[in-house]
Amino acid sequence: EETDYLNNVIGKDKLSEYTANIAFAGFTAPKILWMQKNEPELFKKIVKIMLPKDYLAYRLSGSFCTDVSDASGMLLLDVKNRC
């Protein structure tokens, strides 16, 4: 349902233009939308979203970061502008 929303409302072409991907259920952005819709109280508590490897890096270094390919795969990166 969330992937359909992203692909239809934003559009597969526009989503692909920005993220170099289309929405699939395993990506992070659809999961965030699912949380917002189905677990609103938990969603309100979210401060940061990161992949497990990024959480480990944070715990080891104190720095919040990820790499470009993972951010794109999360559907949370404008690939062309790297933001």
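The values are calculated or read from the model by the stated rules, or taken from the named source; none is laboratory data. This one's a predicted model, so the numbers in the text were calculated from it and none came from an experiment. Heads up, the Cβs are rebuilt from the backbone with ideal geometry, glycines too, and the neighbour counts pull from every protein chain shown.
Looking at the chain, the helices (runs of 4 or more DSSP H) lying wholly inside it that each contain 1 or more residues that are in contact (Cβ under 8 Å) with a residue 24 or more places away in the chain and hydrophobic (A, V, I, L, M, F, W, C) sit at 12-19, 28-38.
Of everything listed in (1) modelled with pLDDT of 90 or more; (2) under 30 Å from SER63 (Cβ atoms); (3) surrounded by 12 or more Cβ atoms within 10 Å (Cβ to Cβ), the single unmet condition for PHE24 is (1).
Note on the stretch 1-21: among residues that are under 15 Å from GLY73 (Cα atoms) and touching a Pro at 6+ places or on another chain (Cβ under 8 Å), the one that is surrounded by the fewest Cβ atoms within 10 Å (Cβ to Cβ) is THR3.
Scanning the stretch 42-64 for residues that are closer than 16 Å to LYS31 by Cβ and surrounded by 10 or more Cβ atoms within 10 Å (Cβ to Cβ) yields LEU42, PHE43, ILE46, ILE49, MET50, LEU51, ASP54, TYR55.
Taken over the stretch 4-27, residues that are under 13 Å from the mean Cα position of the chain (by Cα) and of a type outside the set (A, V, I, L, M, F, W, C) amount to 4.
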